[in-house]
Amino acid sequence: MAFTLNVNGKPQVVEAEEDTPLLYVLRDELGLNGAKYGCGVGQCGACTVLSDGVPLRSCFVPAASLTARKITTLEGLRGADGKLHALQQAFLAEQAGQCGYCIPGMIMAAAALLGVKARPSEAEIRAALDANLCRCGSHNRIVRAIQRAAQEMGT
């Protein structure tokens, strides 16, 4: 079945079964590999993308159910000029990732938070990331990176 998704501000016609998870469409059909497969049941957060600005676990949501929504992936955070988003720059500056597997989901969850709260407290950041798992223990650097990005975005 063919359907159109709005991904990173562009209409994308995809050919997939109606129940194909969005993650597979993004990675296999559109070549967008930022979102990662982690658990397959929406519990780890590695596959997080934004759907109309709200974090969405793409590993189990059927892509065909999202035709009326705007989907933003990690790749879509970059500006038209190709520069990294302030969150991406801050994660690099704070060395927030060790293995890096959770980082796309963490950045997307943080982008959603900063989309509704320009200056979140540390507690609000931790709450927004609570459902995103990191096995490396980079949480403190991840929180610092989000605080740094919030400050840079506010200036």
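Just so it is clear, none of the values below were taken in a lab; they were calculated from the coordinates. From a predicted model like this one, the values you see are computed outputs, not experimental measurements. Neighbour counts run over all protein chains shown; Cβ positions are idealised from the backbone, glycine included.
Using the Cβ atoms and a cut-off under 11 Å, what net charge is assigned to the surroundings of Cys47, where Lys and Arg are +1 and Asp and Glu are -1?
On the way: positive: Arg27, Lys36, Arg57; negative: none.
With Lys, Arg at +1 and Asp, Glu at -1, the net is +3.
Among the trypsin sites (Lys or Arg not before Pro) found in the stretch 37-112, those both in a DSSP coil and sparsely packed, with 12 or fewer other Cβ atoms within 10 Å of their Cβ, are Lys83. The charge dipole of the stretch 2-76, taken about its Cα centre with unit charges on the Cβ of Lys, Arg, Asp and Glu (plus for the first two, minus for the last two), comes to roughly 320 debye. How much net charge surrounds Asn33 when only other residues with a Cβ under 9 Å from its Cβ are counted (Lys, Arg +1; Asp, Glu -1)? Counting the neighbours of Asn33, the net charge comes to +1. Here Arg119, Arg126 are placed in order of increasing Cβ neighbour count within 10 Å, fewest first, which gives Arg119, Arg126. Annotation: average projected area of the stretch 74-125 is 4.0 square nanometres, based on the convex hull of Cα atoms across all directions.
Taking the Cα centre of the chain as reference, the dipole from Cβ charges on Lys and Arg (+1) and Asp and Glu (-1) amounts to some 560 debye.
How big is the dipole moment of the stretch 86-154 about its Cα centre under a simple scheme where the beta carbon of each Lys and Arg is +1, that of each Asp and Glu is -1, and everything else is neutral? Debye, nearest 20, please. Before the final figure, lay out the partial values.
On the way: 7 positive and 5 negative charges, 12 e Å.
Dipole magnitude for the stretch 86-154 comes out near 60 debye.
Its relative contact order, with pairs defined as Cα atoms under 8 Å and 6+ residues apart, puts the stretch 86-154 at 52 percent.
Of the residues Gly137, Ile103, Ile125, the one whose Cα sits farthest toward the positive end of the charge dipole of the stretch 96-155, with +1 on the Cβ of Lys and Arg and -1 on the Cβ of Asp and Glu, is Gly137.
In this simple spin-label approximation, Asp81 and Asn6 carry label points 7 Å from Cα along the Cα→Cβ vector, and these lie 2.6 nm apart. Toward the positive end of the charge dipole of the chain, with +1 on the Cβ of Lys and Arg and -1 on the Cβ of Asp and Glu, the farthest Cα among Gln89, Val61, Cys47 is that of Gln89. Full extension of the chain between Val41 and Ala127 gives 28.9 nm of extra length, using 0.36 nm per residue less the Cα-Cα distance. Here Lys10 is the anchor, and the lysines within straight C-alpha reach of less than 24 Å, apart from those fewer than 8 places off in the same chain, are Lys36, Lys70, Lys83. The separation of the stretch 23-68 from the stretch 105-125, counted between C-alpha centres, amounts to 19 Å.
Taking only the C-alpha atoms of the stretch 2-76, Rg followed by Dmax gives 10.7, 29 Å.
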